[in-house]
Amino acid sequence: MSEFLQQLINGLSLGAIYALIALGYTMVYGVLRFINFAHSDVFMVGAFIGYYVGRHLPEGTVWGGLIAMAAAMAGCAVLGIGIERLVYRPLRSGPTLNVLITAIGMSLFLEYSGQLVFGATPRAFPSIFPAKLIEVHGLIVSMNQVIVIVVAAVLMVALEFAVFKTKIGTAMRAVALNPKAAQLVGINIDVVISFTFGLGSALAGAGGVLYALNYPSIDPLMGLVPGLKAFVAAVLGGVGNIPGAALGALILGMVETFVDGSRWSTYKDAIAFATLIGILLFRPAGLLGRFTAEKV
Amino acid sequence: MLEVSELFVSYGAISALRGISLKVDHGSIVTLIGGNGAGKTTTLRTISGLLRPRSGTVTFLGENITQLPAHKIVARGIGHVPEGRMVFSNLTVNENLAMGAYLCKDKASIARDRDYVFGIFPRLRERLKQSAGTLSGGEQQMLAIGRALMGEPKLLMLDEPSLGIAPRLISTIFEKIVEINRDRKISILLVEQNANLALEISSHAYVLETGSLSMDGASADLRMNPQLKAAYLGGYKQPK
């Protein structure tokens, strides 16, 4: 029983990180109908910003950790908005495939620029938050796990508020539903798209720092695997659907952790993907996704 | 107030409009009629900035707005109720109306506009929390018109408001269009396939045929025009 609870917490914290990345994929897909493959590298840059800022702050304090995280979020938001503005926007009127291929190019560009700037050797991520083990009824929870879960939960509630209760968030949903009609009520689509990239990239930046807390060795290619998993999570939940991305990520995190703790641990990625295929066979649009007939 | 001159629009190699010129005077109702594929929707979309013309100009209140992006044209005072209504289906009626007032910062005037919309379409008030996709076709049309009114337009362009709507609601919607024009002094540019209805409420009409204007004149005259009767009004009994 206690092992089950232990794994549940481990799965929750892994799923929460996937969720932070998956939300960016799904929001961008929602408004632009393309997968931003460079998103996983924005996540990596977030971890590196956390690394450089964290080194100049006293270790093991809550405020120091929060400052490093805020810096990563702000830096990634600027990076995401910049990538969209300079790279994707000029191609927007063309076929989606062009942007998709450019996104792959952008991803490679960030990875190899990262190797040039940061170096290819992995670096040890500083323990920016207080490192402590908390024991509750035989259950061992690391302070980092608590922070991951709390921060992710707070950010997701904040996102929920931004998307469903604010004017710009409503405009974002309007653009996702019908960009033409959105323009006809006076919404500047460029502003909404920048907002979407900023929001998604900030979440990925936070995800990068949180991931590095739990797996404290960072390198320029670190975004590949978690990025792929988060993308899978977004598809699992129904790409374009915000609560779906969070749900998909939690399921994926759980499945992965539980398989990892069993004797089939070698196959954890295979089983995670088999889950995806299984769910998509029965729900082709993802768990919360819906196919809508496109009207001409 | 609106003047379109020598508009040429093409989709790739296919030309959709070949030199359209038209005028909407302040406070009037003008209609654009014609068959399927004549270019009516293309004309409206070019005026509201969703499409760019190859050549020609659109002048609104003395300003050349041909190259302005769509959201800036809305800000100048042109409201567009698009073909197929295009309400935001997953948003509630309330949120749809709020989006209609996207450019409006003044809370008091937003509240006034909402009251006005509920006054002409009381049905929308009852459906406030419902998502727009669950409304009937007629209610969606009311919402689309209401949403455009929330933007306080000086000119309202309506694209086929009778399309796909229960016949008994069509007359209601047309009465409301006349009411909006009369009470709010909003000029109307109406695109309609139901030529009889359109000629009945408008003062001036343009007839569009495969991308160019074939006729124009006072609506009352055009209703008596034998050519037009044969092409668009023939076989159609006037509703009593």
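The values are calculated or read from the model by the stated rules, or taken from the named source; none is laboratory data. Keep in mind that this is a model prediction, so the values were computed, not measured. We place every Cβ from the backbone using ideal geometry, glycine too, and count neighbours over all the protein chains shown. Calculation scope for accessible area: heavy atoms of the full protein, side chains included, ligands and nucleic acids excluded. Shrake-Rupley method; radii C 1.70, N 1.55, O 1.52, S 1.80 Å.
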Running a GNM on chain B with Cα contacts under 10 Å, which residue among B:PRO53, B:PRO226, B:PRO161 ends up with the highest mean-square fluctuation?
B:PRO226
The stretch A:172-210: which residues show an accessible-area loss of 20 Å² or more, assembly versus chain alone, 1.4 Å probe?
A:ARG173, A:ALA174, A:LEU177, A:ASN178, A:LYS180, A:ALA181, A:GLN183, A:LEU184, A:VAL185, A:GLY186, A:ILE187, A:ASN188
Provide the packing ranking of B:90-99, A:181-190, i.e. peptides ordered by the mean count of other C-beta atoms within 10 Å per residue, highest first.
A:181-190, B:90-99
Tally Lys and Arg at +1 and Asp and Glu at -1 over the other residues with C-beta under 15 Å from the C-beta of A:ALA233: what net charge comes out?
+1
In whole percent, and with a 1.4 Å probe on the protein chains, what portion of the accessible area of chain B is carbon and sulfur?
51 percent
Counting only protein heavy atoms, what percent of the accessible surface of the stretch A:1-42 is carbon or sulfur at a 1.4 Å probe?
66 percent
Using a Förster radius of 22 Å, what is the FRET efficiency between A:PHE109 and A:ALA285 based on their Cβ-Cβ separation? Nearest 0.05, please.
0.10
Drop in accessible area of at least 10 Å² in the complex versus isolated chain, residues of the stretch B:142-177, 1.4 Å probe:
B:ARG147
Counting Lys and Arg as +1 and Asp and Glu as -1, each charge on the Cβ, what is the dipole of the stretch B:113-225 about the Cα centre in debye, to the nearest 20?
500 debye
In a shell of Cβ-Cβ distance under 14 Å around B:LEU128, excluding B:LEU128 itself, what net charge do Lys and Arg (+1) and Asp and Glu (-1) give?
+2
Distant alpha-carbon pairs in the stretch A:241-281 (separation over 11 angstrom), percent
62 percent
Keeping every protein chain present and rolling a 1.4 Å probe, give me the accessible area per residue for the protein assembly as shown in Å².
44 Å²
If Lys and Arg each add +1 and Asp and Glu each add -1, what is the summed charge of the other residues whose beta carbon sits under 14 Å from the beta carbon of A:PHE164?
+2
Residue separation between B:GLN130 and B:ASP25 times 0.36 nm, minus their alpha-carbon distance, gives in nm 34.0 nm
The protein assembly as shown: Kirkwood hydrodynamic radius (Cα pairs, Å) comes out at 25.9 Å
What distance in nm separates the two pseudo spin-label positions at A:ARG89 and A:TRP63, each 7 Å out from Cα along the beta-carbon direction?
3.8 nm
May I ask you to compute the full-extension gain from B:ARG54 to B:VAL178, defined as 0.36 nm times their residue separation minus their alpha-carbon distance, rounded to one decimal in nm?
41.3 nm
Compute, for the protein assembly as shown, the length of the dipole vector about the Cα centre, with Cβ point charges of +1 (Lys, Arg) and -1 (Asp, Glu) only. Units Debye, rounded to 20.
840 debye
Cα→Cβ-extended label distance, 7 Å offset, between B:LEU61 and A:SER265, nm
7.0 nm
Modelled FRET efficiency - R0 35 Å, A:PHE164 with B:LYS229, Cβ distances, 0.05 increments
0.05
Gyration tensor verdict on chain B (Cα atoms; rounded if a/c is under 1.5, prolate if a/b is larger than b/c, oblate otherwise):
oblate
On the accessible surface of the stretch A:130-257, probed at 1.4 Å, how many percent belong to carbon and sulfur atoms?
72 percent
Other chains' Cβ within 10 Å of B:97-110 residues: what's the mean?
3
What is the spin-label model distance, in nm, from B:ALA218 to A:VAL117 if the labels are put 7 Å beyond Cα along the C-beta direction?
7.2 nm
Computed on protein heavy atoms with a 1.4 Å probe, what is the summed buried accessible area for the chain pair B and A, in Å² to the nearest 100?
1900 Å²
